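Below: the structure, in structure tokens.
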Amino acid sequence: MGGNQDDNIVIGVNELDIIAGLLSGLLGAMGFGGGSILIIYLTNIASVEQVAAQGINLLFFIPCALVSVIYNLRKRLIKYKSALPIIAGAIPGLILGTFLVGRIETSLLRKLFGAFLVVSGLLILFRSKRQK
Amino acid sequence: MKKHQLVLYGIAIGFINALFGAGGGIVAVPILKKSGLSQKEAQATSVSVILPLTIITAVIYFFQGNLMIKDSLIFLPFGFIGALVGSFVLNKSNNTVLQTAFALFMIWAGIRMII
């Protein structure tokens, strides 16, 4: 980050931003939480506030996911029969989630996010073991 | 897995993805596998599930004033390149070493954020 001094100046690019962007895109496309890497980077290193970091990650995810979806459509790896009911359920879920984001205290949200990272990390560990 | 079960899991996925601005995919992949998809299909389908949710969530964040569009821009081109490489790698290998390293990193970062 670091582009807050002057609104007319393009945001200062630093090497860490580039690495974080590359890594997040890479891991995200591979299906294991590239988003959490970007949020960890933004909140812990670039000192962006938790909710703002989450917003940045949402935007960041869109072009990355587009690449992945187009690629996987051509490979016929996307299965609509499973995808559509999940999307249908997710819409009320996300409305509830955004409702909470607007009301929850930042420090609590950060802790919840941390807890979610720990649980996800453990799940990924178990999952990769089972794949072997 | 039955349709209504997928819808119920969907609620949780949408909720988590909106609350944390991330993480929907981590929940979606194992559920998609349970519904009978292969690892690669599950990973690919999970992205196609999270994409529309993320667009809707981002719009709501925008109206809540939680979207810093300018600050996001710098990450987009690099993320784009990373995603291109990642899609390619996903289809070439099943990288458990990278996955394990990433999982450990997440656990470490998560503990730091809780404390």
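The values are calculated or read from the model by the stated rules, or taken from the named source; none is laboratory data. All values reported here derive from a predicted model rather than from experimental measurement. Note that each Cβ is placed from the backbone with ideal geometry, even for glycine, and that neighbours are counted across all protein chains shown.
Need the failing condition index for A:Arg103 against (1) more than 7 Å from chain B (Cβ to nearest Cβ); (2) in a helix (DSSP H, G or I); (3) modelled with pLDDT under 95, just the number.
All conditions are met except number (2).
Would you mind stating whether B:Gly82 is in the same structural domain as B:Gly110 (by TED's automatic domain parsing), part of a helix (DSSP H, G or I), within 14 Å of the chain's Cα centre (by Cα) and over 14 Å from A:Ile86 (Cα atoms)? Can you show your working first?
Details: in the same structural domain as B:Gly110 (by TED's automatic domain parsing): yes; part of a helix (DSSP H, G or I): yes; within 14 Å of the chain's Cα centre (by Cα): no; over 14 Å from A:Ile86 (Cα atoms): yes.
When the stated conditions are applied, B:Gly82 does not pass them.
Considering only segment A:110-125, how many residues are surrounded by fewer than 21 Cβ atoms within 10 Å (Cβ to Cβ) and touching a residue at least 24 places away in the same chain (Cβ under 8 Å)?
1
Residues of segment A:90-108 being surrounded by 20 or more Cβ atoms within 10 Å (Cβ to Cβ) and either farther than 22 Å from B:Gln64 by Cα or touching a residue at least 40 places away in the same chain (Cβ under 8 Å) (or both), which ones?
Step one: filter segment A:90-108 for residues surrounded by 20 or more Cβ atoms within 10 Å (Cβ to Cβ), giving A:90, A:93-94, A:97-98, A:101.
Result: A:Val101, single match.
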